[in-house]
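These notes concern the structure reproduced below.
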Amino acid sequence: MHYEYIAIPDADVPQAVEPIFQHVVTTYVSEANKTASVWRAVPDALLDFNPHEKSNPIRTILVHQLLSERRFFAQFVGTEEPPVEDLLPPGDKPSVAAYIEKYVWLVKRRLPQLAQGTASWWLESRPFFGGLQRERIWVFWRRVLHTCHHRTQVQTWLRLAGHEPVPAIYGPSGDPRPIRHTRWRRRSGAQSSLPTFGVSSRYHSFPFSGVFPPRLLRRSFHVADGGGECVQQARIVMLAHDAAEVVVHRIRVTAGQLGGRGDAQLAQIGSDRGADVGNLFQPCQFKPFAGLRRFSPS
């Protein structure tokens, strides 16, 4: 996944003193970058947008993130944190950029402290809400999840406000992206150009274990032999089982025709040329049986 904005680059991520905890530091930076990216997509004019009288406006969510995360780390994790009066940007209605600057500043302050954590430090029992006792590593991950929750609120509020594009987090959002045409090559040499919607990468894996109906269409069943077979029409979509169904229905394979054993491997379209049935359905120790010669496209 490509992100246009990275607040904290990899070069600024410190090395953990114990390598087993490097993922803690790296993940915290990764989640902070995603949060800053979502905040950055908010126009200043929408900071006070509130989708419902019982919910909080975006500005309140940003303020809560800064204050509550500081409390988690200071009171429960035990890191050294700045005083509360230094957490929020000045002014009655700060800009989005001002909130991001404070957020990234706080995250960067915590990184060296987290990187110095040893196994005994991370596993130490710490106080938590309601008089509970939890390991420091547990409290840390609870905070990361808490931040993800509020980040998703901001993303959802943008959608409800009618703002586009809604930023990506772990993958593309549902907003339209430019249509690219992918060329599909028939074995006869003819080519046709088909639109591919919402594709942001050249390599796409489709696990055919999700093909409907289950079990009947899960076996690898075709190896291109240089004849005229091809996928005449296929629409590549984000859901693997949808694309697989289109292909399966198009070449009219019945359950009684399936041979071989085992599940098909993950299919990959490695480029925008030369894709045919052989590319989509990679064989898994295919063993033909009598009567199975060739599938004719509809």
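No lab work stands behind these numbers, since they all come straight from the coordinates. As the structure is a computational prediction, the values presented were derived from the model and not from experiment. Counting neighbours? That spans all protein chains shown, and the Cβs are built from the backbone with ideal geometry, glycine included.
The length gained on full extension between Lys108 and Arg40, counted as 0.36 nm times the residue separation minus their Cα-Cα distance, comes to 22.7 nm. In order along segment 153-164, phi translates into HN-Hα couplings of 4, 4, 4, 5, 4, 4, 5, 5, 7, x, 7, 9 Hz, rounded to whole numbers, per the Karplus curve 6.51 cos²θ - 1.76 cosθ + 1.60 with θ = phi - 60° and x for Gly and Pro. Each residue, Ser55 and His146, gets one label point 7 Å from its Cα in the Cβ direction; the gap between the two is 2.2 nm. Taking a spot 7 Å from the Cα of Asp48 along the direction of its beta carbon, which residues of segment 86-119 have an amide N less than 15 Å from it? Zone members listed by number: 91-96.
Between the alpha-carbon centres of segment 83-156 and segment 1-50 there is a gap of 12 Å. Taking amide H atoms as placed 1.01 Å from N in the peptide plane, the amide H of Arg126 lies under 5 Å from those of Arg134, Glu135, Arg136, each 5 or more residues away in sequence or on another chain. Summarising the label geometry, the points placed 7 Å from Cα in the beta-carbon direction at Leu88 and Ile6 lie 3.3 nm from one another. Segment Ser95..Glu135, full-extension length gain: 10.7 nm, with 0.36 nm per residue of separation and the alpha-carbon distance subtracted.
The 3J(HN,Hα) values that the Karplus relation (6.51, -1.76, 1.60; θ = phi - 60°) gives for segment 6-16 are, in residue order, 10, 6, 10, x, 4, 5, 9, 8, x, 7, 6 Hz. Gly and Pro appear as x.
Each residue of segment 67-81 was assigned a 3J(HN,Hα) from its phi angle through the Karplus expression (A = 6.51, B = -1.76, C = 1.60, θ = phi - 60°), giving 6, 6, 5, 4, 5, 4, 6, 6, 8, 9, 6, x, 7, 7, 10 Hz with x at Gly and Pro.
Highest-first packing order for the peptide set 116-123, 55-62, 6-13, 161-168 is 55-62, 161-168, 116-123, 6-13, based on the mean count of other beta carbon atoms within 10 Å.
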